[in-house]
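Written out below as structure tokens is the structure these notes cover.
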């Protein structure tokens with residue numbers, strides 16, 4: 001009666017092959033997504049010639065009332081790995097980290113994870129109910145929410161399963177796939193404590209249960225201390241309305257904690273005196289250890305980093321010489337204070353340069369510029385945060401947790417840069 | 001519970017005060033009526049809070065399950081194709097391929113009721129009656145050998161008397177579980193003599209099943 005994952009493998013094969021064909025070949029420069037853009041230049045556009053765009057008028061205003069990226073950026077898209085899930089409605093896709101810079105993720109590129117598809121909610125009929133251990137159960141319209149004092153905060157959101165496919169070993173060629181279940185945007189919304197206090201918390205209020213209005217009715221238990229500390233009900237991301245796939249018209253923001261708790265299409269918050277042990281905090285999002293016991297309520301996303309360029313989807317195409325290495329670092333416990341990088345697989349480390357805002361529970365951008373001599377490199381980065389935590393190696397994590405945890409894999413990633421500039425996902429001694 | 005709660009307990013006291021100063025009663029929102037709450041208040045807790053009145057037997061559950069669930073989860077909850085397996089998996093949690101099911105993994109029965117009513121059948125959520133839901137849960141208990149009597153009837157009255165096999169299988173978050181900088185200062189120069197590549201991601205045209213261990217590790 002109990003089945004192993006045999007059928008899963010059977011189905012996995014063809015789609016995995018498609019995935020690889022789609023441009024993930026290890027080190028295969030020509031097959032790598034993103035390489036297409038390095039096409040041969042057209043001499044007609046190069047000096048001393050004067051290109052058409054310098055001569056003739058371009059399209060006028062309102063050509064695109066809602067502006068879109070250049071057609072030359074058409075490769076910059078979210079991508080999914082079909083064999084991961086049985087249905088498209090309960091599935092995942094990944095942020096193209098290797099194509100982005102800075103610390104803000106554009107709204108249309110923020111990875112998606114739904115459990116019952118994208119709920120198509122109309123803002124007029126949106127309601128947020130607060131019930132349970134409150135003085136007065138309340139229902140808010142979206143308009144009501146916008147009458148509370150607002151805050152703007154930049155936070156990363158990372159799925160606890162980010163890098164989950166890499167627990168047993170290097171599996172996917174591309175930081176989009178190994179690390180792309182993270183994004184970072186500026187949220188505008190209302191501190192949750194204002195909303196809860198409007199209903200009035202009873203003295204025995206210890207937990208809240210946010211619940212989604214989608215067909216999954218996503219529900220989680222959040223301790224009241226966190227709810228009153230920095231949680232928000234957000235209705236804007238990067239200045240505009242939440243995208244439907246990010247919970248339009250309103251979602252919960254749970255800074256630094258696993259993405260599954262950031263309930264989208266938020267319809268209700270029940271206040272209680274004990275946790276609910278919902279399916280997403282028992283069957284899922286619990287971390288099975290080698291002992292057969294599982295950790296539960298593992299909310300915080302520990303410090304983590306990844307080199308986004310070079311990486312398998314972003315090989316070095318310019319040959320040897322001056323080279324820019326860049327990547328992202330983040331910590332659910334606070335601010336990233338330092339990032340080290342190595343080019344030789346950890347024999348020697350160099351402190352990278354963090355550039356741009358350094359905000360707690362937000363992405364940090366780091367750079368390391370070097371003169372590449374064209375030989376093989378083994379690249380790694382390791383992040384430190386202001387609690388004194390340093391990102392562990394994957395083997396250190398396996399030594400304490402085993403290989404069945406799925407979630408919370410924040411181990412150090414290794415990329416092997418080959419002499420031809422191609423990059424593959426490896427693990428090293 | 002966790003180090004965060006310890007840290008946050010202090011902050012929360014302050015937040016309450018600050019919150020009161022920042023917002024307090026702004027006169028926003030309208031009072032929710034009992035009828036409005038009843039329509040949305042679908043959660044069920046391990047202590048039984050939230051259970052509606054109702055009852056259903058294993059035999060009744062088998063019928064509803066065959067009609068509404070088996071196409072994805074298999075007649076015996078063994079899972080069809082790649083859809084989730086809902087039964088079996090005993091003694092697999094320490095193995096290379098743990099099979100986490102209601103019977104082998106889930107700590108509380110309330111989660112089964114809560115989740116099935118709110119999310120299933122996939123694509124027609126919140127459509128089951130309480131009696132149907134009790135019946136399905138009874139059937140799943142039977143398929144997982146948690147109850148062995150095929151005449152068993154589950155109701156809001158006997159619900160909390162059922163204990164799940166893996167209730168004690170969970171521990172609280174005890175991270176950080178790797179050394180802090182204060183414990184082990186990370187090495188910067190001449191840290192190792194030799195470095196070897198030990199693992200590589202799959203490359204194009206390698207048979208995906210070649211080393212079965214990594215096949216399709218799910219993100220769920």
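The values are calculated or read from the model by the stated rules, or taken from the named source; none is laboratory data. Every value quoted in this text rests on a predicted model; they were computed, and no experiment measured them. Cβ sites come from the backbone with ideal geometry, for glycine too, and all protein chains shown count toward neighbours.
Of note:
- For segment B:158-174, a residue qualifies if it is more than 13 Å from residue B:57 (Cα to Cα), in contact (Cβ under 8 Å) with a residue 40 or more places away in the chain and surrounded by 13 or more Cβ atoms within 10 Å (Cβ to Cβ), and the qualifying residues are B:160, B:162, B:164, B:165, B:166, B:169, B:170, B:173.
- Matching residues, segment B:181-220, being modelled with pLDDT under 90, more than 7 Å from every other protein chain (Cβ to nearest Cβ) and either surrounded by 12 or more Cβ atoms within 10 Å (Cβ to Cβ) or at negative phi (or both): B:206, B:207, B:210, B:211
- Helices (runs of 4 or more DSSP H) wholly inside segment B:1-99 containing at least 1 residues that are at pLDDT 95 or above and more than 8 Å from chain A (Cβ to nearest Cβ): B:34-40, B:58-68, B:70-73
- Residues being buried (at least 23 other Cβ atoms within 10 Å of the Cβ) and free of Cβ contacts under 8 Å to residues at least 60 places away in the same chain - total across segment A:228-254: 7
- The set of residues in segment A:199-212 that are buried (at least 24 other Cβ atoms within 10 Å of the Cβ) and in contact (Cβ under 8 Å) with a residue 60 or more places away in the chain comprises A:199, A:208, A:212.
- Verdict on residue A:148 being buried (at least 23 other Cβ atoms within 10 Å of the Cβ) and touching a strand residue (DSSP E or B) at 6+ places or on another chain (Cβ under 8 Å): no
- Residue count for segment B:119-172, restricted to those that are outside any loop (DSSP other than H, G, I, E, B) and in contact with a strand residue (DSSP E or B) (Cβ under 9 Å, 6 or more places away or on another chain): 17.
- Failed item, numbered, when residue B:106 is tested on (1) surrounded by fewer than 20 Cβ atoms within 10 Å (Cβ to Cβ); (2) at the interface with chain A (Cβ under 7 Å from one of its Cβ atoms): (1)
- Lone qualifier among A:332, A:374, A:421 - being at positive phi, more than 8 Å from every other protein chain (Cβ to nearest Cβ) and in contact (Cβ under 8 Å) with a residue 60 or more places away in the chain: A:421
- For segment A:257-267, the criterion of being under 16 Å from residue A:211 (Cβ atoms), assigned to a strand (DSSP E or B) and either modelled with pLDDT under 95 or within 11 Å of another protein chain (Cβ to nearest Cβ) (or both) is met by at least one residue.
- Residue B:111 buried (at least 21 other Cβ atoms within 10 Å of the Cβ), under 20 Å from residue A:277 (Cβ atoms) and facing chain A (nearest Cβ under 8 Å): yes
- Restricting the search to strands (runs of 3 or more DSSP E) fully inside segment A:141-252 and requiring at least 2 residues that are at the interface with chain B (Cβ under 8 Å from one of its Cβ atoms) gives A:207-212.
- Listed here are the strands (runs of 3 or more DSSP E) enclosed by segment A:310-420 that have at least 1 residues being modelled with pLDDT of 95 or more and farther than 26 Å from residue A:75 by Cβ: A:336-342, A:353-355, A:364-372, A:377-385.
- Test: residue A:134 is at pLDDT 95 or above and touching a strand residue (DSSP E or B) at 6+ places or on another chain (Cβ under 6 Å): yes
- Every residue from segment A:80-100 that is within 14 Å of chain B (Cβ to nearest Cβ) and assigned to a helix (DSSP H, G or I): A:82, A:83, A:84
- Matching residues in segment A:115-140 - criterion: being in contact with a helix residue (DSSP H, G or I) (Cβ under 6 Å, 6 or more places away or on another chain) and either assigned to a helix (DSSP H, G or I) or assigned by TED's automatic domain parsing to the domain that holds residue A:335 (or both): A:123
- Only residues that are over 30 Å from residue B:179 (Cβ atoms), more than 7 Å from chain B (Cβ to nearest Cβ) and more than 22 Å from the chain's Cα centre (by Cα) were counted in segment A:276-316, giving 1.
- Identity of the residue in segment A:349-369, more than 20 Å from the chain's Cα centre (by Cα) and crowded, with 16+ Cβ neighbours inside 10 Å, that ends up farthest from residue A:384 (Cα to Cα): A:368
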